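See structure below.
Nothing in this text is a laboratory measurement; each read-out follows from the coordinates by a stated rule. Here the structure is a predicted model, which means the values were calculated and not measured. Every residue, glycine among them, receives a Cβ derived from its backbone with ideal geometry; neighbour counts consider all protein chains shown.
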Amino acid sequence: RESGANEGSGNQDETKIYTNPKLAAEFVAETGIDLLACSFGTTHGIYLSKPKLDFQIIRDVRAQTNGIPVVMHGGSGVSREDYHEVVKAGVRKINYFTYMDKAGGQGVKDYLDHAPADTPLFYSQVYLAARDAMKENVRHAIRMFALKE
C-alpha cells in the first residue's frame, strides 16, 4: 500500500503501512520485478502535513533485495535535503508531477496578470507560458535530484 492512499489525512500514524523490507525481499524474489515502489513516507499529490520519511527502509530494502532500485511515490512537501537523502539511500525513480503542475499554473497566472487587457487572448500563448514555467521547474528538479543543488 501507498502511504496516504487511504490514510491520507497526514494526521494519523502512517508508519504502520510502511514497507516491510523482509516482505519486499520475498515479493522481489517471487516476481522478478526491476523496480520497487516502497512506502517510506511519501505519496502522490499534496500533503496535509510534512511527510515523515524513514530513510532506513530504503537502505534495508536495497540490502535485502540485492540492490533493487527503489521508486519514490511522490515528493510534494519533501525538502531539498530529504530529496538528497532518499537519492543517497537508493531511490532511483521519483514520481514528480505536483510541483511541475503548480509551476505551470503559476506561469499561466503570471502571463494573464501581465497581458494587456485590450489584447486578444490566444490559447497558444497561454500554453507556452505554462510549458515554459514547467520546463524551468523540471530543470530545477533534475539539478536537485542529481545532488547539484
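Each residue of region 61-76 was assigned a 3J(HN,Hα) from its phi angle through the Karplus curve 6.51 cos²θ - 1.76 cosθ + 1.60 (θ = phi - 60°); the sequence is 4, 5, 5, 8, 10, 6, x, 4, x, 9, 9, 9, 4, x, x, 4 Hz, with glycine and proline shown as x. The order of Leu36, Leu112, going from fewest to most other C-beta atoms within 10 Å of their C-beta, is Leu112, Leu36. When the convex hull of its Cα atoms is viewed from all sides, region 79-136 shows a mean projected area of 4.9 nm². Among Leu35, Leu53, Leu128, the largest mean-square fluctuation in a Gaussian network model of the chain (Cα springs under 10 Å) belongs to Leu128.
Taking trypsin sites (Lys or Arg not before Pro) across region 51-149, the ones in a DSSP loop with at most 15 further Cβ atoms lying within 10 angstrom of their Cβ are Lys52, Lys148. Computed over the chain, the quotient of the alpha carbon radius of gyration and 2.2 N^0.38 Å is 1.27.
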